[in-house]
Every structure is written in C-alpha cells, then in structure tokens.
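Okay, so here's the structure we're looking at.
Please treat every number below as a calculation from the coordinates, not as lab data. If you're wondering where the values come from, they're calculated on a predicted model, not measured in any experiment. Glycine gets a Cβ as well: all are built from the backbone with ideal geometry, and neighbour counts include every protein chain shown.
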Amino acid sequence: MEDKGMLTGNLWKAIPLFAFPVAATSILEQLSSLIATVVIGQVPGPEGTLGMAAVGANTPIMSLILNLFIGISLGTNVVIANAIGKGDQQTVTRAVHTSVLMSLIGFAVVIIGEIYAEALLTALSVPLETLPTAALFLRVYLLGMPSILLYNFEAAIFRSVGITRMPLQALMVSTVVNVGLDLVFVSVLHWGVAGLAAASAIAYTLSAATLFYRLTTTDSPVRLDPRKLRVDGAVLARIVRIGLPAGLQSAVFALANTIIQAGINSLGTEVMAASSAAMSLEYVFYNLLNSFSQACTTFVGQAFGARDIPRCKRVLKVCLAEDLVVAIATVTSVIFFGKSILAVFNSDPNVVSIGYIRVCTIFPAYIFSMCYENFSGYLRGFGISLAPAILTALGICGIRFWWVFGVFPVHHDFQTIMLVYPISLCVTAILIVSSALAIHPAKTYGKKGADSTAVAVAA
C-alpha cells in the first residue's frame, strides 16, 4: 500500500514526494484565483482595477472560511493516519464516511454568507464604489462552498495514507475548466466578477465529484461505500477535538488578515488592487512551504500510531531542513522577479510599486512561518492541536490587532501596516517552538498508547 513508505521508507525521499504534490494541489487552487485576478485586471479602464479590488476585498473572508474547515480536515488526516499506523481498519472506515458527511456544513455557510455578505464587507471598510461588486462576487462564490469543503475533506482522506497525486490530478482537470470558464464568462459573456466566482464554483464541483468517485473505487484502506455513509459519534468527536484547534489556528491568520485588509481598504482602491495582486502571489508560495507542515503531520501521525517515536523525531528534522532550502530559494526568486510578476496582474506602475512593497516586506518573513508551521505540524501528528492554536492566536491576532488599531492610525501608510507581518510571524515562531520544546511529545507521550494519548492531549 502507499502508506508503507511513510512508515519505513527513506524520509529524505518520501517527504518531498508527499509534500510537492500537496504543494502543487494548493498552488493550483491559488492559480485559479491568480488567473481570475489577471483576467479581470486586464479589462480596460477603471472596471479592471475595480474588479481586482473587489476580489482582493473578499480574499480575507474566503480565507477565513476555507482555513477553518481545511484545518478541521487535518483532524481527519491525523485520526486516519494514527489508525493506519495501528492497523485499525475499522476506525479508518468510520473516519472516512464521517469525514465525507462533515462537508454538508458547507450549506450552512452558504445561507449565512448570502444573508450577511454586504454587512461583512462593510465591516471591512470596503469603499462604497467597490462594495456592490465585491458583494456580488462573494454571494456567487459561496454557492460553491459545499463542493469546496467536500473536495478538501476527500483530499485529506487520501493524504492520510500517502496518496497525494490523486487530489492533484482531480484539481488539474478542474483548473483547466476553471480557466476556460473565466475567459468565456468574463471576456465573451461580460459577466465580470460574477463570472469569475461562478467558474470557481463549477470547477470545484467537478473536482469534488471526481474524488468522490475515486474514493468509491480505490483499493486503498480508505475506500468509501456510499451505502455506509453515516456519522460515527466517537470518531467525529476525535476529528473535531484534533481538527477544530487546527482549524481555529488557520482561521486566526485569516481573521487577523481580515483586520489588516480593513486597514488596507482605508488607503483606497489603487492600494487595494496592488495588495490583492501581491497577496495572490503570497498564497501560492506560502502553500509550497506549508506542504512540508502537512507532510510532518501525516508522517508523524502514522509513526506515532505505530509507536515508532524515533521516526517521529526524524520526520521533524527532515521537514525543517528541506523546507528551509525551499524557503530560501523561493524568497530569493520572488524578491528578484517580483516587479515583473506583479506587472502581469496590472501594468499600472503605481500598482506594481505598491505591490512590491508588500512582497519585499512579507516574503523574507516566511523563514519564521516555515519554522512554526513545521513545529505545529509535528505537534498535531501527536494529536496536540490546542497549544499551537492558542499560541498562534496570541502571536498573530494579538500583535496584528494592536498594530492595526494602535500603530497604524498614527502612521497611516502602506509600509507601516505591512511591517506587522514579519513582527507577528517572528513572535509566533518563538512561542510555538518554545512550546514544542517544553512539551517534548516524543519524550512525554512516547511510552503511552498512541490513540488514547492523542485524544487526551488534544482535549
């Protein structure tokens, strides 16, 4: 089976083979947003800039929702990985079917979002000239939320046993469809930002349906039987107990970024457009670095389930070393080619210059992000999710809230608000690394039963 290499293989080879398809999957998800931003940005005149601003204004809201549920899906990953390591096929089967049904909460998100779309955007200080366009984009985009959540839970199921190419293949097909629909809906039918959102919803529905079919036909331990679709209360509790703190940890970033976006919005439409272009670029490269954190969680989860504690520690060391190399290469490349890349989104020299300020301020701080993400992934592999979530809230939300409401009003410019990113990331890295060293899960929980320990610690 595909999980054997995860338990016994060469980590220096196995981790990149796991991480890069995960990264490619996440990058493809962002690529759709990138292309959408490019398509709307090339619309002549003010309409193009307005469209870019509308998409950028929604990015923090969409990230908040997606990060919450993608984080929860990590609970699925850990529960199944632990069970695979222990050889507990019954728990694997129950977790698979429970996880698929958890995606139904996406319908609740649709209803809430449709009702409060304008209120949410108004709270973010979106300018009046941008508000109607931004609200239209959000309402149409949210129609695809059930499919988006289903796809991400299905992807988490496959990744728990080391199957990372299948989610990537499904997304590759839907990305091609998404790009084609973007061009048709915007350039031919002139639907504007509504066309971009509709294209995204249709594409995600296709990828979710593809993975659902693959789950029903796979010969791996995570095979799905539609006739057995039901929620197992005990398994659901474990998934939520581990996944919810991870989801909240991810959502904290999005929440803090939402507050920052409100500050950016107060600087005008041009700054919003520039920040939107740079932010899309950031998400692509952040996902590349974060893929090693997901690898760390999954490999540690299986090794912990098999009670192979020395391998758990080796996983962390390898993930840190390989991720550092990728981070240095990424930061160097983006700083060097940043202006040229930003010009693809919008040729306005002012937009490019403003966006490059964000690039140069934030990308070097990814070294801190790489560090705490891998340590967080390591802790989650043991079932420890609450500690990194709390520390992230303190380091990210605490500092960014204070900066936006305390420092930014005094120095009301783009450079000032951007400085909060490296400061908050550095503090968070110190907090989480210190926590991991203090908890020392390999020593503290290594001699205990993997399943019972994971549940107890996560509680």
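Worth pointing out:
- Structure note, pairs 86/317; 86/228; 228/443; 86/443; 13/86; 13/339: Cα-Cα distances above 29 angstrom occur for 228/443; 13/339.
- Of the DSSP H helices in the chain, those that are both long (alpha-carbon extent of 24 Å or more along the helix axis) and hydrophobic (Kyte-Doolittle mean at least -1.0) are 11-41, 46-86, 165-182, 193-217, 233-265, 269-305, 309-345, 420-439.
- Compactness ratio for the range 186-328: Cα radius of gyration over 2.2 N^0.38 Å (N = residue count) comes to 1.42.
- Efficiency of FRET from Cβ geometry, residue 47 and residue 325, R₀ 45 Å, rounded to 0.05: 0.60
- Residue exposure sequence - 52, 166, 172 - by fewest surrounding Cβ within 10 Å: 172, 166, 52
- Going from the residue with the fewest nearby Cβ atoms within 10 Å to the one with the most, 40, 15, 202 rank 202, 15, 40.
- Estimated from the Cβ-Cβ distance and a Förster radius of 45 angstrom, the FRET efficiency linking residue 8 and residue 176 is about 0.75.
- Ranked for footprinting exposure by Cβ neighbours inside 10 Å, fewest first, 79, 110 give 110, 79.
- Cα centroid separation - the range 236-293 against the range 77-109, whole Å: 25
- FRET efficiency for residue 216 and residue 169, using Cβ-Cβ distance with R0 set to 25 Å, rounded to 0.05: 0.95
- In the list (1) 1.01; (2) 0.94; (3) 1.13, the label attached to Cα Rg over 2.2 N^0.38 Å as derived from the coordinates here is (2).
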